[in-house]
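J.: Just dropping this structure here.
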Amino acid sequence: MFRRKKKDEPTDAPPAPEVTPEAAGETAAAEPAGVETPEAESVSAETSAPSADAADNGAESSAAASAKPAKSARGNRVQKIGTVASDKMQKTVVVRVDRQVRHPKYRRYVRRTSKFMAHDELGATVGDRVRIVETRPLSAKKRWRVIEIVQKAAK
């Protein structure tokens, strides 16, 4: 069938020319001033970043890093609202999340239920409506955390 080519075997395609930072700067100068290539942007960003750090000894760069919110790198985490079904464990609750799905054949809405084990520092009890958010694995089955008790259970 197919065999891998060895490194020293010649190929049909011509070898790609190597671009040095000096050559990239020359090609950027040859193009119009308003148009920059991706290589020119990366080279200019690499060359300007160290000079800015050397000029102010990293004082502004550390302030800019602390001003940037840490959660933006994490992205949006999935949140669900459900009812606490069990609180028999320590700092763990079982949350039942109901959703309605349209049946593919009968075109009627059917209720589907999922159960999630969530870490609970807030002290939610059975019947409470809680908001859970996904997080790193905390145990074998626990990958969610309670962030808010939306509505306390009626007593």
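J.: Here are some pairs, 88/142; 115/155; 88/115; which of them have Cα atoms lying more than 18 Å apart in this structure?
T.: 115/155
J.: If I model a spin label at residue 129 and residue 155 as a point 7 Å from the Cα along the Cα→Cβ vector, what separation in nanometres do I get?
T.: Taking the simple label geometry, residue 129 and residue 155 are separated by 2.0 nm.
J.: Report the gain in length on full extension from residue 77 to residue 102: 0.36 nm times residue separation, minus Cα-Cα distance, nm rounded to one decimal.
T.: 6.5 nm
The numbers here are math on the coordinates, done by the rules we state, and not lab data. Treat the numbers as computed from the prediction; the structure is a model and nothing was measured. A quick note on method: Cβ atoms are made from the backbone with ideal geometry, for glycine too, and the neighbour counts reach across all protein chains shown.
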